[in-house]
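**Q** Could you have a look at this structure, given as structure tokens, before my questions?
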Amino acid sequence: SNELKIAVGAMEIADKVVSDVMTRINDVFMLPDTTILNARTVMQIVKMGYTRIPVYTAGDKNNVTDLLFVKDLALLDPDDNFTVKTVCGYHKHPVKFVMNDTPLPCLLEAFKKGDGHLAMVKRLVNSSEHDPAYELVGVVTLEDIVEEILQAE
Ligand code: ATP
Ligand code: ATP
């Protein structure tokens, strides 16, 4: 039955971690904060079909500083040629980060408590040093957890 499948799926997420369900960074649609929001770029962004777009600073895709919400573009006058940085500075949607090895039940709890339902996924790269460094390896959303629950065999 479907109910049984969902129950099994819900139990199975206990054994899974963020990197099992995330969207990998190479498949993530991100924007540099320097992007100029004119009619052409706004159309390209809307056509991608995502609600939330990670924004990076200083040309460094590991340095995600903001989220651009597509709905933020609705009130924009394309002739103003605002940059993504300006629009993000106005809305200030906080970016969440999670480690790649976070168990899915913990992520689900975090999504339930918090406001946003998207997190950047990071991985520790040099654990031997005193100052740990991270690299971004993907994004994960509530949708990714729900999908995992519903697709149980
Ligand atoms: P919503 O459904 O709230 O309108 P959405 O369709 O943009 O938002 P989700 O439904 O949360 O996004 O996620 C759908 C899938 O898209 C998930 O697998 C998620 O990891 C992925 N995803 C979300 N945002 C992006 C993005 N900017 N680039 C690439 N993949 C994304
Ligand atoms: P500081 O290094 O000055 O403490 P921070 O960049 O770590 O600032 P926090 O808000 O303290 O900012 O970070 C919370 C967590 O998110 C930390 O584990 C941090 O490494 C991580 N983090 C913050 N910004 C980024 C980013 N742009 N890319 C990857 N991880 C980030």
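The values are calculated or read from the model by the stated rules, or taken from the named source; none is laboratory data. Predicted model only: the values in this text are computed from it and were never measured. In this analysis, Cβ positions are derived from the backbone assuming ideal geometry, glycine residues included, and neighbour counts consider all displayed protein chains.
**Q** Residues of the range 26-47 being within 20 Å of Glu143 (Cα to Cα) and surrounded by 12 or more Cβ atoms within 10 Å (Cβ to Cβ), which ones?
**A** Val28, Phe29, Met30, Val46
**Q** Would you be able to say whether some residue in the range 46-68 is farther than 28 Å from Glu148 by Cβ, among the aromatic types (Phe, Trp, Tyr) and at pLDDT 95 or above?
**A** Within the range 46-68, none of the residues are farther than 28 Å from Glu148 by Cβ, among the aromatic types (Phe, Trp, Tyr) and at pLDDT 95 or above.
**Q** Sticking with this one: For the range 88-146, name all the residues that are touching a strand residue (DSSP E or B) at 6+ places or on another chain (Cβ under 9 Å), within 13 Å of ligand 2 (Cβ to nearest atom) and acidic (Asp, Glu).
**A** Glu135
**Q** Of all residues in the range 1-54, count the ones that are within 13 Å of Val70 (Cβ to Cβ), out of contact with any helix residue (DSSP H, G or I) (no Cβ under 9 Å at 6 or more places or on another chain) and polar (S, T, N, Q).
**A** Of the residues in the range 1-54, 1 are within 13 Å of Val70 (Cβ to Cβ), out of contact with any helix residue (DSSP H, G or I) (no Cβ under 9 Å at 6 or more places or on another chain) and polar (S, T, N, Q).
**Q** Have a look at Tyr56, Tyr90 and point out the one that is among the hydroxyl-bearing types (Ser, Thr, Tyr), out of contact with any Lys or Arg (no Cβ under 8 Å at 6 or more places or on another chain) and farther than 21 Å from Val139 by Cα.
**A** Values: Tyr56 fails: farther than 21 Å from Val139 by Cα.
Selected residue: Tyr90, the only one of Tyr56, Tyr90 that is among the hydroxyl-bearing types (Ser, Thr, Tyr), out of contact with any Lys or Arg (no Cβ under 8 Å at 6 or more places or on another chain) and farther than 21 Å from Val139 by Cα.
**Q** Only one of these is part of a helix (DSSP H, G or I) and either closer than 29 Å to Cys106 by Cα or within 16 Å of ligand 2 (Cβ to nearest atom) (or both): Asp20, Asp72. Name it.
**A** Numbers: Asp72 fails: either closer than 29 Å to Cys106 by Cα or within 16 Å of ligand 2 (Cβ to nearest atom) (or both).
One residue alone meets the criteria, Asp20.
**Q** Name every residue in the range 75-89 that is more than 17 Å from the chain's Cα centre (by Cα) and in a helix (DSSP H, G or I), in order of residue number.
**A** Taking the range 75-89 as the starting set, the residues that turn out to be more than 17 Å from the chain's Cα centre (by Cα) are 75-83, 85-87, 89.
If the condition is that a residue be more than 17 Å from the chain's Cα centre (by Cα) and in a helix (DSSP H, G or I), then Pro78, Asp79, Asp80, Lys85, Thr86, Val87, Gly89 are the ones that fit.
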